[in-house]
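Read through the structure below, which is laid out as structure tokens, and then see the notes.
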């Protein structure tokens, strides 16, 4: 069934330069129609759970993928991930950690908490753009999104 709902992504990134580069890279290949950008862990959780400044946002599973930095201010990416995977409303949304950290314990912790993919941000500008392009191609076009909540029920 071809849905008229827009393809949406959430980017949780506190570094403005990295966020701009990710947005430009994704825009270049035209994968997501809407990319929401949040800058810290509290804002990420508020956006996804429609609370705080996002209390009026309609909560629906239209986010196809969450790109999450580990080192977010206020609430770090691991705690955000833990809360997302603990809630039936957000558990099935794929989460990709795109971060500068490749410390083995961080990678292991991400997977223990349920991350779908863990990628280190390349230092080189062109490699960074290419990594983001591939990330977008897979998660936005090849990966099958979770079913619509109204069909499966939020309590499952």
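Remarks
- Computed from the C-beta positions of residue 100 and residue 54 and an R0 of 30 Å, the FRET efficiency is 0.65 to the nearest 0.05.
- Whether region 12-58 is rounded, prolate or oblate, judged on the alpha carbon gyration tensor where a/c under 1.5 counts as rounded: oblate
- Ordering of 8-21, 104-117 by packing is 8-21, 104-117, highest average first (other Cβ atoms within 10 Å, averaged per residue).
- For region 8-131, the Cα-based Rg and Dmax, in that order, read 13.7, 40 Å.
- Mean Cβ count within 10 Å, highest first, over the residues of peptides 89-95, 67-73: 67-73, 89-95
- The order of the peptides 76-86, 33-43 by mean Cβ neighbours within 10 Å, most packed first, is 76-86, 33-43.
Every number here is computed from the coordinates shown, using simple stated rules; none is lab data. The model shown is predicted, which means the values in this text are computed figures rather than measured ones. With ideal geometry, Cβ positions are generated from the backbone for all residues, glycine too; neighbour counts draw on all protein chains shown.
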